[in-house]
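Below is one structure, written out as C-alpha cells; the observations come after it.
The values are calculated or read from the model by the stated rules, or taken from the named source; none is laboratory data. Bear in mind that the values here come from a model prediction, so they are computed numbers and not experimental data. Cβ placement follows ideal geometry from the backbone for every residue including glycine, while neighbour counts extend to all protein chains displayed.
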Amino acid sequence: MKRLKGQLSYIIKPLSLVMTIVLLLLLYNSISSFGTRETAVQKGLDLTSDATSTLLVLANSEDCLAYHSPLTQGVYANIVDLNKLNDFVGKYSATEPECARSFDFGWRITITEFKRTEGNVTEGNKWSFGASNFSRDNAFHQDLLFSIPMAVRYSDKLTRPATMQIHIVDGELEKIAGILDWSCVLFKNNRITKFSIQIKTSYPLSYNSQMNELCSMSKEKSCRQMWCPMNFAEIKSAGDYILKISYTDGVMVVKS
Amino acid sequence: MMKVKKKKGQIFETLSFLILSIAIIGVIIVLRVFLTGSAGSTFGTIVERHVDEGFRAGATSVLYSTNERTSKTMLELIGISAYIGNTTINFGPTVGSVNIIDDLTWRFDALYGKNHWHVHVDYPDINPDIQIVMVLDTSASMCYSIPVVSQKLPQLIDQIGQSNKKVTITIYMLPGSVTCCNGFKLDCSSFPEKSYFHCRGIENIQDKCATKLPVGSSIQTDEDYGDGLACAIEAGPAEGWKKASIKLAIGSSDELSLGSECGGQNVCCPSLSSYPPAIQSGNNAIHTSIKNQIPLYLIQDIDFVDAARKQCGSICFYDDTGQPYDAPLDQPQCACTDVVTQFQKNLANSTGGQFYTLNSISGQDIVDKIQEIINNQKQERTKVLDVGAPIPAGIDTRVANIPVPISLAGTYTTARITEWS
C-alpha cells in the first residue's frame, strides 16, 4: 500500500508540472490572441471612423465641398456647392483631394442626387471623384461602403437631396502611398530632411515617372497617383523593406 | 507522525496546483471577456459619435433641400405649415399646393429607406393674422351705416387685437363724397388712421388693378362694389397681403353693383339679367376672388324701417346745391331687395364666403356682422406633424433635434428626426 502511494506521488508531480506548463501556454496564447483581436477590431473601427470623418470633412469643410454662404459668411451642414463638386470631379478623377486625404486608406466618393418627376422618385445626377485604383489580391486587407445624406446646392432656389457614399479601402498600396504622400507634405514644408520607415508588400512595387504613379504588381496591376515626383528604387519582390526617403530639388528619393 | 506530514504535503501540493490553475483560467477569462470588450467598446463609442454626427448633419441637409415648385427649403415649408397649422400649404393658382407629409416622405424614403425614419414636429398654437379689405358703397343711402362704422370698427379691431388675435382692415371707399346731414362726409377724411385700420379711396389703387372701375357720367361708380372688390383684392390691404394670413374681402351696399336702377332713375331692375353691367362687375369680383383664393363676404346694408312691408323711410344728405335733402329709400333700395339679395348671395356663394343682411337700422349692426365674420375664421389647426413609420421599441435609434424657425410668427419649434437600421 505504501509502495503504491509512493508510485502515485511520482506520477502526480510530473503530471502537475505538465498541466502547469499547458496552462501557462494557454495564458500566453490568450494574451497574444487578445492583442491580435484588439488590432483587428481597431483596424475595422479605424476604417469606419475614417470613412465617417472623411464624409463629414468633405461635406462640411469650406476647403472641400461645403457651400459657403456670402450672406451668413458660414457653411450649412452637409450642403455642398455644385460648382465645387464639378471642380472636384474634374481635378480629382483619380486621386483624393488634399482637403480630406487619409494617409492610411484610399477612397472614392460617389454622390447621387434624388429628384421627383411626375410623382416618381428617381436618381438624378451622379458625381464621382477620388482614387480610381485600390490594392488587389493579397495586398488588399479590407474595405467598407458607407454613406450619409446630404444636399447639392444648385442655386438660391434649388437644393436637391442626395447621398454621399464612400468606398474606403485598407491595403498595402494605400498605406505605402500614404506614407510617401505624407512625407511629401513634410518635405515641402521643410519639416523633415530625411526619413526611414518599414513597409510590408506582398507584390513588387514600381514607379511610373511619366504618370507619377506608384504601382503594386499584383495579378492585375493597381496604381495610385502620387503627390510628389519620385526617384523610386523599384522593389522587385514581396517582403518587408525599410524605405529611406529624402528630398532633393523637389523630387523624393526613395531607396530600399 | 512522518506519515501525517507527508500526507499533508501531498494535499498542499495538489491544492496549490488547483489554485494556480484557477488563477490562470481566471486571468484568461478576464482577458477574453473584459479587456477585449472594453477596448472594442471604447473604439466603438468613438465611431458611433462620428456616425451620429453624420446622421445629424445629413438630417439637417434634407431639411435644407428645396421644393422645386416653390423654391423653398423643407425647413421653410415646415415653418409655414406650423404657422398655418396645416400640412398642406396653398401657394396660389400658379404654384399650387404643397403637401409637407408627401414632400418629407419621398426625401427620407430615398435617403434612409422606407420604414426606417420618423419625423415629429410640434406645431405651436398660433393665431394667424387676419387681413381684411372692405369696399364700401358711398352713395347717400349709406349715411346710416358709415358714420357708425368709422367710429365703432376701429374700436372692434383694437378690442380683438387685445385677445391675441391680430386683425387688420383696409377700407376702400368707392368714388363719391356725399355729406350727410349730420355733417359726416362719406369718404376717408372721416375715418381714423391706425396701424391696424386704414381707409383709402379706391381711385388711389386703380393703377395696381387689372380690373378698373368703368368711366362715364351716367355710371354710378359710387356703388360699383363688384369692380371695387376685384381691385381691392388685386391691390391688397395698405400693408400688402402677407404670407399665410387669413385673407378676406368684404363688400357692403344696399344696391346692385353700379346701382339697382339699371341705369335709370328711382326704378328697380326687374331682374338681374336686365342689367349686364352689374353682372359683369359681379363676375369680375368672383373671378378675382377665386383666382386669389380670397372669399367674398357681402353685407346687404338695407336699413329697413319695416322689413315686412319693405319700407325704408328716408335719409338726409346735402345735395349738389348744398341744400339738405331728405331722399326716400323705398325706391330703389327697399323695393329692389330681392334682386340685390340674389346678386350678393351669388358673389358670396361662388367664392366660399357668406352673405349677411342687417337686422336693424342702426349702423352698429354692420359692425356686429364684421365681428361675426372675424369670429367665424376659426381654423382647424394641425397640432403636430408626425411623418414616417412608428418608432420601434427596443432597438437602437439615432435622434437629431433640429430647430425650425417659424419666421411668420417670430418663434421656433423643433423637428425631431429619428432613424434606425
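Brief remarks on what is shown
- Conditions (1) without any contact (Cβ under 8 Å) to a residue 24 or more places away in the chain; (2) within 9 Å of chain B (Cβ to nearest Cβ); number of the one not met by residue A:51: (1)
- Evaluated against (1) in a strand (DSSP E or B); (2) loosely packed, with under 15 Cβ neighbours inside 10 Å; (3) modelled with pLDDT under 90, residue A:195 falls short on exactly one condition, (2).
- Condition check for residue B:71: more than 10 Å from every other protein chain (Cβ to nearest Cβ) and free of Cβ contacts under 8 Å to residues at least 12 places away in the same chain: no
- Hey, residue B:220 closer than 23 Å to residue B:329 by Cβ, without any contact (Cβ under 8 Å) to a residue 12 or more places away in the chain and surrounded by 16 or more Cβ atoms within 10 Å (Cβ to Cβ) or not: no
- Pairs where the first residue, in the stretch B:9-32, is at the interface with chain A (Cβ under 10 Å from one of its Cβ atoms) and without any contact (Cβ under 8 Å) to a residue 12 or more places away in the chain and the second is of a type in the set (Ser, Thr, Tyr) and assigned to a helix (DSSP H, G or I), C-beta under 6 Å, 6+ apart: B:17/A:16; B:28/A:30; B:31/A:30
- Test result for residue A:58, under 18 Å from residue B:58 (Cα atoms), touching a Leu at 6+ places or on another chain (Cβ under 6 Å) and part of a helix (DSSP H, G or I): yes
- Subset of the stretch A:203-212 [within 15 Å of residue A:176 (Cβ to Cβ) and either buried (at least 20 other Cβ atoms within 10 Å of the Cβ) or aliphatic (A, V, I, L, M) (or both)]: A:203, A:205, A:207
- The stretch A:235-252, residues that are surrounded by fewer than 18 Cβ atoms within 10 Å (Cβ to Cβ) and in contact with a Phe, Trp or Tyr (Cβ under 7 Å, 6 or more places away or on another chain): A:238
- Residue B:412 passes every criterion in (1) in the same structural domain as residue B:120 (by TED's automatic domain parsing); (2) in a strand (DSSP E or B); (3) buried (at least 17 other Cβ atoms within 10 Å of the Cβ) apart from (3).
- Residue match in the stretch B:369-383 (condition: of a type in the set (A, V, I, L, M) and more than 20 Å from the chain's Cα centre (by Cα)): no
- Within the stretch B:162-177, being surrounded by fewer than 24 Cβ atoms within 10 Å (Cβ to Cβ), in contact with a strand residue (DSSP E or B) (Cβ under 9 Å, 6 or more places away or on another chain) and more than 16 Å from residue B:193 (Cα to Cα) holds for B:165, B:166, B:175, B:177.
- Those residues of the stretch B:107-155 which are within 14 Å of another protein chain (Cβ to nearest Cβ), surrounded by 21 or more Cβ atoms within 10 Å (Cβ to Cβ) and over 30 Å from residue B:411 (Cα atoms), in sequence order: B:110
- Every condition in (1) more than 19 Å from residue A:52 (Cβ to Cβ); (2) aromatic (Phe, Trp, Tyr); (3) within 14 Å of another protein chain (Cβ to nearest Cβ) is met by residue A:140 except one, and the failing one is (3).
- Condition met for residue B:355 (part of a strand (DSSP E or B), of a type in the set (Phe, Trp, Tyr) and in contact (Cβ under 8 Å) with a residue 40 or more places away in the chain): yes
- Any hit, the stretch B:198-207, residues being assigned by TED's automatic domain parsing to the domain that holds residue B:336, closer than 29 Å to residue B:80 by Cα and in contact with a strand residue (DSSP E or B) (Cβ under 8 Å, 6 or more places away or on another chain): yes
- Boolean, residue B:91 is surrounded by fewer than 20 Cβ atoms within 10 Å (Cβ to Cβ), more than 9 Å from every other protein chain (Cβ to nearest Cβ), over 23 Å from the mean Cα position of the chain (by Cα) and modelled with pLDDT under 90: no
- Looking only at residues in the stretch B:165-190 that are part of a loop (DSSP other than H, G, I, E, B) and within 19 Å of residue B:248 (Cβ to Cβ), the one that is modelled with the highest pLDDT is B:174.
- Cross-chain or 6+ apart pairs with Cβ under 6 Å, the stretch B:311-325 first and among the aromatic types (Phe, Trp, Tyr), then in a loop (DSSP other than H, G, I, E, B) and exposed (fewer than 12 other Cβ atoms within 10 Å of the Cβ): none
- Scanning the stretch B:361-403 for residues that are in contact (Cβ under 8 Å) with a residue 12 or more places away in the chain, over 30 Å from residue B:80 (Cβ atoms) and not in a helix (DSSP H, G or I) gives B:361, B:362, B:363, B:392, B:395, B:396.
- Only a single criterion out of (1) away from chain B (no Cβ under 14 Å); (2) on the phi > 0 side of the Ramachandran plot is not satisfied by residue A:86, namely (2).
- In the stretch A:55-68, residue surrounded by the most Cβ atoms within 10 Å (Cβ to Cβ) [restricted to those that are touching a residue at least 24 places away in the same chain (Cβ under 8 Å) and facing chain B (nearest Cβ under 10 Å)]: A:59
- The criterion of being assigned by TED's automatic domain parsing to the domain that holds residue B:371 and either surrounded by fewer than 20 Cβ atoms within 10 Å (Cβ to Cβ) or touching a Phe, Trp or Tyr at 6+ places or on another chain (Cβ under 6 Å) (or both) does not hold for residue B:233.
- Screening residue A:71 against (1) away from every other protein chain (no Cβ under 13 Å); (2) modelled with pLDDT of 75 or more; (3) loosely packed, with under 13 Cβ neighbours inside 10 Å leaves a single unmet condition, (2).
- Condition check for residue B:270: assigned by TED's automatic domain parsing to the domain that holds residue B:223 and either under 30 Å from residue B:127 (Cα atoms) or not in a loop (DSSP other than H, G, I, E, B) (or both): no
- As a summary of the residue check, residue A:89 satisfies the conditions (1) modelled with pLDDT of 95 or more; (2) over 27 Å from residue B:67 (Cβ atoms) except for the one numbered (2).
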